[in-house]
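Here's the structure, in structure tokens; my notes come after.
Nothing in this text is a laboratory measurement; each read-out follows from the coordinates by a stated rule. Values in this document were obtained by computation on a predicted structure and should not be read as measured data. Cβ atoms come from the backbone with ideal geometry, glycine included; neighbour counts cover every protein chain shown.
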Amino acid sequence: MDGNGRWAKRRGQDRIYGHRRGIEATKTTVKDARRMGVSYLTLFALSTENLKRPRRELEALFNLLRGYIRQEIEQLVENGVRLRVIGRTELLPKDLQELIAGALAKSKNCRKMTLTIALCYGGRDEILRAAAKAMRLKKKSLDEKTFSALLDTAGMPDPDLLIRTGGELRISNFLLWQLAYTELYFTNTLWPDFSGKELRKAVKFYQTRERRFGLTSEQIEEKSQF
Ligand code: IPE
Ligand code: MG
């Protein structure tokens, strides 16, 4: 969800104003995704690197997250949305950790969509923590399935589609392991301007892709005939 700062700057406003508008875009996008029947939506809200941003901006981001959870959790639960978090959430302020724990508990039986928020998240960090777990468990052999189960995203399917807003053409340490075969969609739209319309555009793009997973077109056609 990139581009909040630039969105605000273009309007002669403070970056924090952009984050506030970014939260509005987040609220509507989550609802639109649920309406469209998306089963898993994962939002990159805060990276391990973002933790080095100025204190004032970080505090504002934490506050917006507090507000988001407080305002939205009941509605999320009503709509069958299960909340999940990935990343080193132990680095968040204590009260926010508790607020998140409460929201996770409230939504734990929801089954229509899983909304995962990546907080204090880094793909390399996640892989390293999973490798450390594997060492602790003294795993003798490790295949992709057992390793995936040690990641924060354990039990979740790999993403079909990645959407990056804000015009940068990079992954920025997001879900490095999980994105191996994901379709990538980049848009210049800044996050606060993102909407259901943009989401549908990204899904349309996804629908034009042929996913071969390393096979040939002919093999994929044969498979789909059975
Ligand atoms: C993304 O917007 C939001 C977070 C990282 C929390 P940015 O703050 O990165 O916005 P730009 O890239 O400066 O426009
Ligand atoms: Mg940015």
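How big is the dipole moment of the chain about its Cα centre under a simple scheme where the beta carbon of each Lys and Arg is +1, that of each Asp and Glu is -1, and everything else is neutral? Debye, nearest 20, please.
480
Which value in Å does the Kirkwood hydrodynamic radius of the chain take, with 1/r averaged over all unlike C-alpha pairs and then inverted?
18.9
Along the charge dipole of segment 4-224, Cβ charges K/R +1 and D/E -1, which of Ala130, Thr182, Tyr68 sits furthest on the positive end?
Most positive-ward Cα: Tyr68.
Of Asn173, Leu161, Ser148, which is farthest along the charge dipole of segment 105-208 in the positive direction, counting Lys and Arg as +1 and Asp and Glu as -1 at C-beta?
Final value for the positive-end residue is Ser148.
Straight-line reach from Lys145: which lysines have a Cα under 28 Å away, not including same-chain ones fewer than 8 places off?
Lys108, Lys112, Lys133, Lys223
Listing Lys9, Lys197 from the residue with the fewest other Cβ atoms within 10 Å to the one with the most, what is the order?
Final ranking by Cβ density, sparse to dense: Lys197, Lys9.
Could you pull out every one of the aspartates and glutamates with an alpha carbon less than 16 Å from that of Lys140, ignoring same-chain neighbours closer than 8 positions?
Cross-link targets: none qualify.
If you take every residue apart from Arg164 with its C-beta less than 13 Å away from the C-beta of Arg164, what net charge results, scoring Lys and Arg +1 and Asp and Glu -1?
Result for the neighbourhood of Arg164: -3.
So, in nm, how far is label Lys197 from label Arg53 when the simple model puts each one 7 Å beyond its Cα toward the Cβ?
Calculated label separation equals 2.6 nm.
How high is the relative contact order of segment 109-226? Use alpha-carbon pairs under 8 Å, at least six apart in sequence, and give a whole percent.
Values: 81 pairs, mean separation 26.3, N = 118.
Across segment 109-226, relative contact order equals 22 percent.
Only helical DSSP H runs with n ≥ 4 go in: add -39500 (n - 2.57) per run for the chain, normalise by residue count and round the 222 nm mean residue ellipticity to 500 deg cm²/dmol. Don't skip to the end; give the middle numbers.
On the way: 8 runs with 106 residues, N = 226.
Helix contribution divided over all residues of the chain: -15000 deg cm²/dmol.
Please list, or write none, the aspartates and glutamates whose alpha carbon is within less than 16 Å of the alpha carbon of Lys94, excluding same-chain residues fewer than 8 places away.
In chain and number order, the partners are Glu59.
In which sequence would Leu150, Leu128 go, from the one with the fewest C-beta neighbours within 10 Å to the one with the most?
Numbers: Leu150 19, Leu128 11.
Result, fewest neighbours first: Leu128, Leu150.
Could you give me the radius of gyration and the Dmax of segment 90-148, taking only the C-alpha atoms into account and expressing both in angstrom?
Over segment 90-148's Cα set, Rg and Dmax evaluate to 15.0, 40 Å.
Given Cα pairs under 8 Å that are at least 6 residues apart, what percent is the relative contact order of the chain?
Relative contact order here is 26 percent.
In what order do Cys120, Cys110 fall by count of nearby beta-carbon atoms within 10 Å, going from fewest to most?
The fewest-first ordering by Cβ neighbours comes to Cys110, Cys120.
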